[in-house]
1. Quick test of your reading of the structure: CYS318 fulfils all but one of (1) open to solvent by less than 10 Å² (accessible area, probe 1.4 Å); (2) over 16 Å from ARG394 (Cα atoms); (3) among the hydrophobic types (A, V, I, L, M, F, W, C); (4) out of contact with any Gly (no Cβ under 8 Å at 6 or more places or on another chain). Name the failing condition by number.
2. How many residues are open to solvent by 30 Å² or more (accessible area, probe 1.4 Å) and either in a loop (DSSP other than H, G, I, E, B) or within 19 Å of PRO101 (Cβ to Cβ) (or both) if we restrict to region 145-178?
3. Taking the stated definitions as given, is GLU353 within 20 Å of TRP393 (Cβ to Cβ), at pLDDT 95 or above and open to solvent by 10 Å² or more (accessible area, probe 1.4 Å)?
4. Of the conditions (1) at pLDDT 50 or above; (2) under 30 Å from TYR180 (Cα atoms); (3) of a type outside the set (S, T, N, Q), PRO75 fails just one. Which one is it?
5. From THR305, THR286, grab the single residue that is out of contact with any strand residue (DSSP E or B) (no Cβ under 7 Å at 6 or more places or on another chain), closer than 21 Å to ILE117 by Cβ and either open to solvent by 20 Å² or more (accessible area, probe 1.4 Å) or among the hydrophobic types (A, V, I, L, M, F, W, C) (or both).
6. Under 7 Å between Cβ atoms, at least 6 apart or on separate chains: pull out the pairs that start in region 296-308 with a residue that is β-branched (Val, Ile, Thr) and end on any residue that is outside any loop (DSSP other than H, G, I, E, B).
7. Among the numbered criteria (1) surrounded by fewer than 21 Cβ atoms within 10 Å (Cβ to Cβ); (2) within 18 Å of GLU121 (Cα to Cα), which single criterion is violated by GLU324?
8. Would you say ARG68 is more than 21 Å from SER138 (Cα to Cα) and modelled with pLDDT of 95 or more?
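The values are calculated or read from the model by the stated rules, or taken from the named source; none is laboratory data. Remember, it's a predicted structure, so these values are computed and weren't measured experimentally. Using ideal geometry, Cβ is built from the backbone for each residue, glycine included, and neighbour counts are taken over all protein chains shown. Note: accessible area is taken over every heavy atom of the protein model, side chains too, but ligands, DNA and RNA are not part of it. Shrake-Rupley method; radii C 1.70, N 1.55, O 1.52, S 1.80 Å.
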Amino acid sequence: MTNYITRISNILLLVSFFGSSYTQSQPEPNYVATDEASTILSEVEPRDSTPELEFRYHDHDQMTRYLRAVSARYPALTALYSIGKSVQGRDLWVMVVSVSPYEHMIGKPDVKYVANIHGNEAVGRELLLHLIQYLVTSYDTDPYIKWLLDNTRIHLMPSMNPDGFAISKEGQCDTVFGRYNARRYDLNRNFPDYFKPNTKQPQSETEAVKEWISKIQFVVSGSLHGGALVASYPFDNTPSASPLNAVFQNYAHSPSIAPDDDVFRHLALVYSKNHAKMSRGVSCKTGSQRFENGITNGAAWYPLTGGMQDYNYLWHGCMEVTLEISCCKYPPAHELAKYWLDNKESLIKYLAEAHRGAHGFVMDENGNPVERASIRVKGRDVTYHTTKYGEFWRILLPGTYKLDVTAEGYLPQEVEFIVIDSHPTLLNVTLHSAKGYVPPIRSSSRKHGRGKSTTTTDATTYRENAFVFPED
């Protein structure tokens, strides 16, 4: 490569999670917290006491009142907003818990949990309410929680399917009653799919989630389900345009391997090993499937089309794992305290994984952020993109990697870097304008077989079958 291209730019190791030099913040796009609701609640909710939260199920109105009360009591740590409404008009609430609840912290990740996508899988809904309670009440006393909220924006959606929950019945462990939304669609089969066209009519709940995650670059996500005890990771679906398709059809339990399979397995293990029981691989009932270490590849368990976790990963670069947290989908309320204790450590430690690997900024020669620059780790056929602030995050396990960075109108860059276990690596990459640059003539070739030749290609050439996040 010619001298006109600078190959490696500003590689810095972030010595600890603390003390990032990037402290400016920008407003969150389009979403407005419910200040009016908080004001109304403050008239009846004492601000000198934490809103009470019992271990019982809360209907939509009760959940709404609780979320508003917490937002009123902790305005410096929380912001409540709705991303849209369900078919029957119920708000799809999200609570942000962070020292910067209203604004994105540049250089620091946003993460999320979504629960109750199936209306009759109710445990996750209540656990997220208790997670909110735990985070806001522990900030001043627990150094780990303080670090997490100082350096991360946590978005928690207790119920993606409030209409389904409204008709579900406590104590029903195995039925599908309440699973679907009000139009009887399975919301976890309603997202666009990379492997197979999804012809199901888009629903208001999934459309709201799609718009939400298109506006905020989430780094890590968990989807809370019930009916099993396992952490399931991508891919959920199998290739539909591949010579292997016939094999996948004949053997439904074959795994479908993502480019970041090692990272997904690690994330799933973080949850299962911090859980009180999940890593034991305990069967929910006699004769049911056991999962080694409490984790599974989604397609190896059973393939599905239109799932939310594959969509998060392949459309938006968000690493989502499906967390099956209860053998009974809607257990009696007196068991909720046990489920909270089983999952509390996992819920917290899993979100902290957003700080693993490498992250940084892509800037031009004048220090301006380069939006939607392509970020690709060599050997991993998946492309991420930078935010409008030039930010990127890449969760990786310890090792040596090479990063290809390209953007329209700029010369490509290759950066070699090391990831270690104890702290993330900060990479700042400067791209130089391609305007006026004339590449040298290259004529090198290699002979193959009987006189056939192939031209040597630049290191930034991508394989045709590489996963590239689709445009919305």
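1. Just one mismatch for CYS318, condition (2).
2. Residues of region 145-178 that are open to solvent by 30 Å² or more (accessible area, probe 1.4 Å), as a first pass: 146, 150, 166-167, 169-177.
Restricting the remaining residues to those that are either in a loop (DSSP other than H, G, I, E, B) or within 19 Å of PRO101 (Cβ to Cβ) (or both) gives 146, 150, 169-177.
Within region 145-178, residues that are open to solvent by 30 Å² or more (accessible area, probe 1.4 Å) and either in a loop (DSSP other than H, G, I, E, B) or within 19 Å of PRO101 (Cβ to Cβ) (or both) number 11.
3. Numbers: within 20 Å of TRP393 (Cβ to Cβ): yes; at pLDDT 95 or above: yes; open to solvent by 10 Å² or more (accessible area, probe 1.4 Å): yes.
When the stated conditions are applied, GLU353 passes them.
4. Result: PRO75 passes all but (2).
5. Details: THR286 fails: closer than 21 Å to ILE117 by Cβ.
THR305 is the lone residue from the list that is out of contact with any strand residue (DSSP E or B) (no Cβ under 7 Å at 6 or more places or on another chain), closer than 21 Å to ILE117 by Cβ and either open to solvent by 20 Å² or more (accessible area, probe 1.4 Å) or among the hydrophobic types (A, V, I, L, M, F, W, C) (or both).
6. Short answer, once both residue conditions are applied: THR296/VAL230; THR296/SER232; THR305/ARG189.
7. (1)
8. Numbers: more than 21 Å from SER138 (Cα to Cα): no; modelled with pLDDT of 95 or more: yes.
So ARG68 fails the test.
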